[in-house]
Amino acid sequence: MTRIYGYCADKSVIGSEFYVMQLVEGRIFWDATFPEVSREERPSYFGAMCDVIAQLHSVDPVSIGLGDYGKQGSYFARQISRWSRQYQEDPEAGRDPNMDRLVKELPEWVPVGDEASIVHADFRCDNLIFHPIEPRVIAVLDWNSLPSDIRSRTSLTTR
């Protein structure tokens, strides 16, 4: 993690909340296919991304003072309930038998082990700073603490 020097919640300053962080010299890849590196090197960059997300997931939120950050537990049950309610309460969305089945059955598939962990809600290559010449992540940008690491693992697989 990079060092944060200051945080400003006053949206009137620049139009949104912001923070000032340590300068990290490195590369940000805006294209998830990593066209700037050779085809042979690309697996190393994806491996570095997996290593970083695994490191984030292994951090105990309580041990770093984030034990009271966010809602604890029942993340998937809350998400499924919200999505189902939004679907059911929106007549303009229409109805689809596959969605109706999903709304009915998905609550039965909530995974066991809904412990809080450090995850990244928007994990992708452009939220990482890579070493200037090596396939190694040296900084993570825009991270969050959420109730389950499964969320960021699925985010990684959908990019």
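The values are calculated or read from the model by the stated rules, or taken from the named source; none is laboratory data. Quick caveat, the model's predicted, so the values are computed rather than measured. Glycine gets a Cβ as well: all are built from the backbone with ideal geometry, and neighbour counts include every protein chain shown. SASA here: full protein model, heavy atoms, side chains in, ligands and nucleic acids out. Shrake-Rupley method; radii C 1.70, N 1.55, O 1.52, S 1.80 Å.
Some observations on this one:
- Pairs where the first residue, in the range 1-17, is over 21 Å from Ala139 (Cβ atoms) and the second is of a type in the set (Asp, Glu) and open to solvent by 80 Å² or more (accessible area, probe 1.4 Å), C-beta under 9 Å, 6+ apart: Ala9/Glu17; Asp10/Glu17; Lys11/Glu17
- Residues in the range 99-123 that are aromatic (Phe, Trp, Tyr) and open to solvent by 100 Å² or more (accessible area, probe 1.4 Å): 1 in all.
- Matching residues in the range 54-74 - criterion: being among the polar types (S, T, N, Q), outside any loop (DSSP other than H, G, I, E, B) and over 23 Å from Arg124 (Cα atoms): Ser63
- Residue in the range 75-98 that is surrounded by 13 or more Cβ atoms within 10 Å (Cβ to Cβ), in contact (Cβ under 8 Å) with a residue 60 or more places away in the chain, out of contact with any helix residue (DSSP H, G or I) (no Cβ under 6 Å at 6 or more places or on another chain) and not aliphatic (A, V, I, L, M) present: yes
- Hits in the range 55-69 (condition: within 19 Å of Val112 (Cα to Cα) and open to solvent by 40 Å² or more (accessible area, probe 1.4 Å)): Ser58, Asp60
- When the range 7-53 is filtered for residues that are open to solvent by 80 Å² or more (accessible area, probe 1.4 Å), within 23 Å of Ile118 (Cβ to Cβ) and not in a loop (DSSP other than H, G, I, E, B), the ones remaining, listed by number, are Tyr7, Tyr19, Phe46, Asp51.
- Any hit, the range 126-136, residues being under 30 Å from Tyr19 (Cα atoms), at pLDDT below 90, more than 11 Å from the chain's Cα centre (by Cα) and not polar (S, T, N, Q): no
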